[in-house]
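The values are calculated or read from the model by the stated rules, or taken from the named source; none is laboratory data. Since we're looking at a predicted model, the values are computed, not measured. Note that each Cβ is placed from the backbone with ideal geometry, even for glycine, and that neighbours are counted across all protein chains shown.
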Amino acid sequence: MTFGLLSLLPSLVAIVLAIVTRRVILSLGLAVFVGAVLLAWKMPPGAVQDLTAWNLNEWGGSSRALGILAFQMWGSISDGDHVSVLKFSLLLGAMIGVLEASRSMRLLIRDLSARVRGRRGGQTLVAGLGLGIFFDDYANTLLLGGTMRKACDGWRISRAKLAYLVDSTAAPVAGLALVSTWVATEISLIGDGLPEDSSVSAFQLFVQSIVYRFYPIFALTLVFLIARTGRDWGPMLRAEREVQAAPAVDTTDTASTETLAASRRWHWLAAILPIVICVAGVGIVLVQTGSAAVAQSDAVFTSPLQRWGAILGEASSYRALIVGGLWGWLSALLIGWIANASWATLRELAKGSLRGAWQIMPAMFVLWFAWALSTMTKSDYLDTGGYLGEILTASLPAWSLPTVVFLVASLVAFSTGTSWGTMALLTPLAVQLSLSMSGGEALSDLVLATTGSVLAGAILGDHCSPISDTTVLSSRACGCDHVLHVRTQLPYALLAGTIAVLCGTLPAAWGVSPWISIVVGGVLLWGIVRACGRVAEAPAR
């Protein structure tokens, strides 16, 4: 049974309303309701019971729609994998909250900044710390932006440059890391786009699509090129020259220096060890569960690389993430309490845990509705991805799909101001569509490139949008005028996005190795920076 053109209605409602209202949760909720009404109206009574496992045959039309809605919402939040996503996200959020409450990460950043001299070294340090705080984009933005302002003033780096360095490392590194607040969400959304009988796990598709996320890769490449060469252009060059021409400012912070000296013995361990333990816990459980599954399968491998690929593919990714998150949170509590016993009690750290976990909750509500919508759209009744695949196969060349998805995701994220909401809206549908157009080959170049393009496009739109939460947070945390931050970052984001299309999504769809695309794109970026960039020096008077 097919709904034809009507199968597109719930997804269209979600996307259009999100762009118009900029309220993702409301838009997804209304889309789920529209899907429930469609199913209650068009499906035969017997099929309704197959879909919901509830006997709604005797219910009226409106009551049947409410029954379908209630079942889909309850099924989304009670699903085992979805509960695992919630557990890991809350645990990692709690760990981040403890690191913020103990102030260990801030002290570590200040300690490192005291060892750097010069503008290029300072910019490189900020970019490097952005890579180091890979576990959450909000934590990256708030910790770096709030901590590095005075140091950057001393290095004569503009607040606009600081905001760019912070914003352009926060989401890209979180979107590429194997352990971050984004990971469980991405795996879950990818899984919702895969058929139930898929031979490829969501974790396999997630891992292998990382190298196809060209925009965050090129955005990070550009950040380090700008930092190491000291070259800029456009509004950023003017902002940097204004700082060079301005009188020097006093950046001495005696209180911070005393605090740093008093706690230097512990803050390195308190900041780094919980993250190391978290990552190690994820890795250990992945290897344990994957090795056990491979041993039971009696599979024969021709190379170590093939064996490790099978181990990762068969591993219990959700269990690994939960164990790693739990280890990281508990170790952060213990080490943070020992390191700061003189001024931070265990109660304060526990409050930090709650604050960190609570910051994750808005994203969890977005996921809840997105799960329900994706369950409806990929069912045998609506089958939105299958219908789109049928009508687009004849009109849209397969090689253009990753680029189209990348551009659509960029537009939606720019309009709504949320990369998370964009991923929730588009990921399951993009996976279904790419599978349909690739003949069901889940690890084909087309599917991998399309999957990577959703997240990449969401981050590009997020970087360009003046209403993006991370854009606003970056400008506020760095003490930069918000409009100036948008104007100075926009040329760099658009350059990285253009290279991502020309050297990334288009060649990848034709089967070109993503590693070749990354090398070619990186060289092209280097040439553009050298040709167009100018060193920010005070103009002659």
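Based on this model, can you work out whether R213 counts as of a type in the set (K, R), under 26 Å from Q123 (Cα atoms) and at pLDDT 95 or above? In short, yes.
Of the residues making up the stretch 58-65, at least one is under 30 Å from I190 (Cβ atoms) and at pLDDT 75 or above.
Can you go through S353, S317 and tell me which one is buried (at least 17 other Cβ atoms within 10 Å of the Cβ), under 30 Å from S27 (Cβ atoms), touching a helix residue (DSSP H, G or I) at 6+ places or on another chain (Cβ under 8 Å) and of a type in the set (S, T, N, Q)? Walk me through it before giving the result.
On the way: S353 fails: under 30 Å from S27 (Cβ atoms).
Going through S353, S317 in turn, just one is buried (at least 17 other Cβ atoms within 10 Å of the Cβ), under 30 Å from S27 (Cβ atoms), touching a helix residue (DSSP H, G or I) at 6+ places or on another chain (Cβ under 8 Å) and of a type in the set (S, T, N, Q): S317.
Only a single criterion out of (1) farther than 24 Å from Y212 by Cβ; (2) at pLDDT 85 or above; (3) of a type in the set (S, T, Y) is not satisfied by T147, namely (2).
Select from the stretch 357-407 the residues that are among the small types (G, A, S), in contact with a helix residue (DSSP H, G or I) (Cβ under 9 Å, 6 or more places away or on another chain) and either modelled with pLDDT under 75 or closer than 27 Å to I77 by Cβ (or both) and list them in ascending order. A357, A363, A370, A372, S374, S379, G385, G386, G389 - these are the residues of the stretch 357-407 that are among the small types (G, A, S), in contact with a helix residue (DSSP H, G or I) (Cβ under 9 Å, 6 or more places away or on another chain) and either modelled with pLDDT under 75 or closer than 27 Å to I77 by Cβ (or both).
Residues in the stretch 180-199 that are more than 20 Å from I77 (Cβ to Cβ) and of a type in the set (D, E): D197 only. One residue is enough: does the stretch 243-261 have a residue meeting the conditions at pLDDT 75 or above and surrounded by 15 or more Cβ atoms within 10 Å (Cβ to Cβ)? There is at least one residue in the stretch 243-261 that is at pLDDT 75 or above and surrounded by 15 or more Cβ atoms within 10 Å (Cβ to Cβ).
Do you know which residues across the stretch 208-233 are of a type in the set (K, R) and not in a helix (DSSP H, G or I)? Within the stretch 208-233, R213, R231 qualify.
Listed by position, the helices (runs of 4 or more DSSP H) contained in the stretch 449-541 that have at least 1 residues being buried (at least 23 other Cβ atoms within 10 Å of the Cβ), under 21 Å from the mean Cα position of the chain (by Cα) and of a type in the set (V, I, T) are 469-477, 482-500. In the stretch 357-373, the residues that are in contact (Cβ under 8 Å) with a residue 40 or more places away in the chain and on the phi < 0 side of the Ramachandran plot form Cβ pairs under 7 Å with partners that are buried (at least 24 other Cβ atoms within 10 Å of the Cβ) and acidic (D, E), at six or more places apart or across chains, as follows: W371/D192.
Residues are listed down the side, and each one gets a yes or a no for (1) in contact with a helix residue (DSSP H, G or I) (Cβ under 6 Å, 6 or more places away or on another chain); (2) within 16 Å of L225 (Cβ to Cβ); (3) touching a residue at least 12 places away in the same chain (Cβ under 8 Å); (4) not polar (S, T, N, Q):
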position: T451; (1), (2), (3), (4): yes, no, yes, no
position: L455; (1), (2), (3), (4): yes, no, yes, yes
position: D462; (1), (2), (3), (4): yes, no, yes, yes
position: S468; (1), (2), (3), (4): yes, no, yes, no
position: G497; (1), (2), (3), (4): yes, yes, yes, yes
position: G511; (1), (2), (3), (4): yes, no, yes, yes
